[in-house]
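Read the figures in this text as sums done on the coordinates, not as results from a lab. Note that the coordinates shown come from a computational prediction; the quantities given were computed from them, not determined experimentally. Here the Cβ is made from the backbone with ideal geometry for all residues, glycine too, and neighbour counts use every protein chain on show.
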Amino acid sequence: MNEFFCCNKFYGQWQTQCLKKCESNEPKFTFDMLKPNEHAVVWGFTGGAPDKIKRRLLELGFVKDTWVILENVSQMGDVMLFNLNGYLLSIRRDVAKLIWGARK
Amino acid sequence: MKLALVGNPNTGKTTLYNWLSASSEHTGNWHGVTVDFKEKQFKIKDENFELVDLPGVYSLSPLSFEEKITRDYLMANKDVAIVNIVNANNLYRNFYLLTEILMLNRPTILVINKTCSEEKLLYKVNKNALQKELGIKVFEVNAENPRDVNDLKNELYKLAKSSTFKNQKNEIFNQKFNKNNEKIENLLKKIEILINFNIKEQNLDKNFVLNKCLENDQFVISKLNLSNFQKDELVKICGQISAEEIAKNKYDFIGRVLQNSGTKKLNKTYGKSKIDKVVLNKYLSIPIFVIVMLVVFYLTFFSVGKFLSELLLNITVNGLGEFVLGLVKSVTSNQIIYDFFAVAIVQGLGSVFSFLPQVVILFVCLGVLEHSGYLSRLAFMLDDVFARVGLSGKGVYTLLMGFGCSAVACLSARTMEDKNSQIKTAMLAPYMSCSAKLPLYVVLGSAFFGASNVFVILAMYLLGVVVALLLSVFYEKTFLKSGKQTFILEFPPYKVVKLKTIKNIAILNAKQFLVRVGSLLISVNVIVWVLSNFSFAFKYVAIYGGESIMQTIGKFIAPIFAPLGFGSWGASTALVAGLVAKEIIVSSIAMINGVSQNGGYNHLKISSSLTNATNPICFTPASAIAYMVFCLLYSPCFATMAMLKKEIGKKWLLVSILVQFAVAYVISLIVYSLVNVVINKGILVAIFYLFLFGITLFAFIYIIKHFTNKKCMGCKRCKK
């Protein structure tokens, strides 16, 4: 079983099973936890992602193994500006929450 | 030959369209400028071309209304050749759409639009290798350069003459793409066996439909007329693969194509700029936004705009007016005809015509904002606020365009991702103070507030925005819930706005303004003049003479507005006439109040006539403000209504009109009583009243909430 699934809150049923395993690892995270100028790699979408939004994000390039940098965050922090394959794309924080991956 | 321009948003489709077909469609440096498809015919040498400009899309699976237009057009028109425009700075992402377009098996060419100079390009393309790799013609052009476009025209001519292009089926691509991934290939074969018959029956593009079925695209599947058995089987097949894998496969393919064709990418970011460090700075962003808006306001209403307006007034309107009247006098001595020209033409038209420079400058300012790339940053900044009132940050485009023209703004709401927020945004656009309301503010403001009319006019603009945002909260909480919408927005790079672009915007808008004045305004003015000068028995009574048709009607309507302080027949009929177009309010006032004998036209004369209590239309400072507020907020003009009906349907149009009227009435009532209190009893009392009003309102909302929200949400405060 993928290690990430154990820790993600969308997969709560496994959480208790794998809690011990996860505690030893660095916490895995969704993209809303990124801070400005941090790098990350896209691994996939969380289970709660609506189909339409997921498809649009995939079209825009949030596919597996894509390198992403968080360039900027808006005034109140609700919108995030990502550098994705060499262009800038802003999405809301609750959309960023649907994407998970690994932080560099 | 029929050509359709397809591509990602903001890749220069409309720019190319304008050059190729010699049109002047609206362009801009942000995503979603074009929201409707446009068609035009043109000729290259002896070959006829039909060019279609389509809204920008990211893929052929649409989210918003304007993206559906592109998809539907491409699926319905089988005889069209596709010109796919890609941005040379963002090939990787742009090629995603190309893979979907090539699946359609239409004759396709690829146009790589180089929007900046050679050295700054992020992707270095080897054209010939790419042509070989994709099996289609590739052209590199700069859509803003006429020489490049001429070269492209020659190439298009050659293509139109060649029969191989017309029968192009993109076999090289399809073979390569299908062999890209074994798992997908197998699944596609399974689907093909399952639905091959349906595809042939419905006469659809096989490769495209197969791939879309694999992606579980409901629209395409519904077009196939599948039986229940087929549907179940299809779901089973689709269940074996995730959307992530399909997209990954496409991007892998694109990566391979780019690599094989020797494309090099610089390690830079498209659209990233040092300006953003200042503009999007935590502390500076809002002040910069306010300053930008104030500059636009200042340029339009004061410095340049005002100066030019006065110049135009003195030279043209007065001079021309006197000349026309002199001419009329020499031809005929009939008083009625002379009155007609003096009042309806010289005064009525002159009152609006002299605002030409100000309106044009306003549009130029908005155009500069659009072309600079600042708008997208604005949407990014303001999405925080907009999300809290139930709008998307993209609503910034709609609202800002609402300052220019409400009808155009309503159309731009199409870019919203869901229907409810589209309706909501379109309904809010008319609250923005459009350019047609500008003359009224200046005339009324200068009549009653002298030098401090700056603040009154500015307050009007702010009021419009505030009311729109508050109403958005109201709609969100009641019957137009859109919940948390997605806000996905690309950042275009900053661009220096060329003088030529500014010139084009100015000429285009000046033309539109003149056409409006010359056709709509003249005809309505004639009607208003006839109605206000003739009685029901069709006897000439002049404006002061007695019971004209308008006066009779006006006296019926006037009591409605009496509580707001402008219950005269003239003021209320001007409002009714203003439904045709908002400029008519000022021209009607000028005509009804006008002192025709002296000829010529002057703002001051109109302004001073408004303060004179013996005139049909007169105001006090309080009622003047109330009148301005009412004109700002009440039901939109017919053009906007027609657009709203087209965009959001009859039901919502009716809601929109009624809500606007009610809001206008209530707010001008509040403003009127408040200003009266300030004038009569001092500002402290007014603040006290406002405070009381606020408390009552708050209590009212609280009580409603308390009684309607009976469901226990399980909070810890009570132990139920």
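Just a few scattered comments:
- Rounded to the nearest 20, the size of the Cβ-charge dipole of the stretch B:1-50 about its Cα centre is 60 debye, with Lys and Arg at +1 and Asp and Glu at -1.
- Listed from fewest to most Cβ neighbours within 10 Å, the set B:Thr696, B:Thr15 follows the order B:Thr696, B:Thr15.
- The radius of gyration of the Cα set in the protein assembly as shown, together with its Dmax, comes out at 30.6, 103 angstrom.
- A simple count of charges around B:Leu369, restricted to other residues whose Cβ falls under 13 Å of its Cβ and scoring Lys, Arg +1 and Asp, Glu -1, yields +1.
- For peptide B:260-271, the mean count of partner chain Cβ atoms within 10 Å of a residue's Cβ comes to 2.
- Summed side-chain charge close to B:Asp79 - residues other than B:Asp79 whose Cβ falls under 15 Å, Lys, Arg +1, Asp, Glu -1: +2
- Net +/- balance of residues flanking B:Leu234 in space, Cβ distance below 14 Å, scoring K and R +1, D and E -1: +1
- What you get for chain B, charging only the Cβ of Lys and Arg (+1) and of Asp and Glu (-1), is a dipole of about 1660 debye around the Cα centre.
- Shape call, the stretch B:79-156: gyration tensor on alpha carbons, a/c limit 1.5: oblate
- Viscosity 1.306 mPa s, temperature 10 °C, Stokes-Einstein D of the stretch B:545-691 from Kirkwood C-alpha radius, µm²/s: 96 µm²/s
- Counting DSSP beta bridges with both ends in chain B, the antiparallel % (nearest 5): 35 percent
- P(r) tail, the stretch B:115-260: Cα-Cα pairs separated by more than 28 Å, 39% of all pairs.
- Calculated log₁₀ intensity ratio I(q)/I(0) where the Debye formula runs over C-alpha points of the stretch B:172-215, q = 0.27 Å⁻¹: -1.00
- DSSP-loop trypsin sites (Lys or Arg not before Pro) across the stretch B:9-117, with at most 10 other Cβ within 10 angstrom: B:Lys45
- Nitroxide proxy distance, nm - points 7 Å out along Cα→Cβ at A:Asp51 and B:Asn180: 2.2 nm
- The protein assembly as shown, dipole about Cα centre (Lys/Arg Cβ +1, Asp/Glu Cβ -1), debye to the nearest 20: 1660 debye
- Principal axes of the stretch B:191-291: Cα extent on each, largest first, Å: 61, 40, 26
- Listed by Cβ neighbour count within 10 Å, with the fewest neighbours leading, A:Met33, B:Met591, B:Met293 appear as A:Met33, B:Met293, B:Met591.
- Between the beta carbons of B:Phe688 and B:Val304, assuming R0 = 41 Å, the FRET efficiency works out to 0.45 to the nearest 0.05.
- Averaging the sequence gap over all C-alpha pairs within less than 8 Å and six or more residues apart, then dividing by the number of residues, gives the stretch B:1-143 a relative contact order of 24 percent.
- With viscosity 0.692 mPa s and temperature 37 °C, the Kirkwood radius over alpha carbon pairs of the stretch B:451-579 converts through Stokes-Einstein to a diffusion coefficient of 164 µm²/s.
- Extreme residue, positive dipole direction of chain B, given options B:Gln202, B:Ile584, B:Pro107 (C-beta unit charges): B:Gln202
- Shown in residue order for the stretch B:622-635 are the 3J(HN,Hα) couplings computed by the Karplus curve 6.51 cos²θ - 1.76 cosθ + 1.60 at θ = phi - 60°: 5, 6, 5, 5, 4, 5, 4, 4, 4, 5, 5, 9, 6, 2 Hz (x for Gly and Pro).
- Each Cα pair under 8 Å and six or more residues apart adds its separation to the average, and for the stretch B:614-676 the resulting relative contact order is 53 percent.
- Working note: 222 nm ellipticity from helices only, DSSP H runs with n ≥ 4, each -39,500 (n - 2.57), summed and divided by the residues of chain B, gives -19500 deg cm²/dmol to the nearest 500.
- For a straight C-alpha distance cut-off of 18 angstrom, the lysines reachable from B:Lys477 (same-chain residues fewer than eight places away being disregarded) are B:Lys419, B:Lys424, B:Lys705, B:Lys710, B:Lys711.
- Scattering from chain B was approximated by placing one identical point on each alpha carbon and applying the Debye formula without solvent; log10 I(q)/I(0) at 0.08, 0.09, 0.10 1/Å stands at -0.77, -0.92, -1.06.
- In terms of surrounding Cβ atoms within a 10 Å radius of their Cβ, A:His39, B:His371, B:His26 rank from fewest to most as A:His39, B:His26, B:His371.
- Given B:Lys394/B:Lys650; B:Lys272/B:Lys498; B:Lys43/B:Lys223, the pairs whose alpha carbons are separated by over 26 Å: B:Lys43/B:Lys223
- Dipole of the protein assembly as shown [Lys/Arg +1, Asp/Glu -1 at C-beta], most positive-end residue of B:Ile507, B:Leu399, B:Ser623: B:Leu399
- Taking every Cα-Cα distance in the stretch B:42-112 and sorting them into 5 Å bins from zero, the calculated P(r) comes out as 3, 15, 24, 27, 17, 9, 4, 1, 0 percent.
- Those aspartates and glutamates that a straight Cα-Cα span of less than 12 Å connects to B:Lys13, excepting residues fewer than 8 apart in one chain: B:Glu25, B:Asp53, B:Glu144
- Shape call, the stretch B:1-125: gyration tensor on alpha carbons, a/c limit 1.5: rounded
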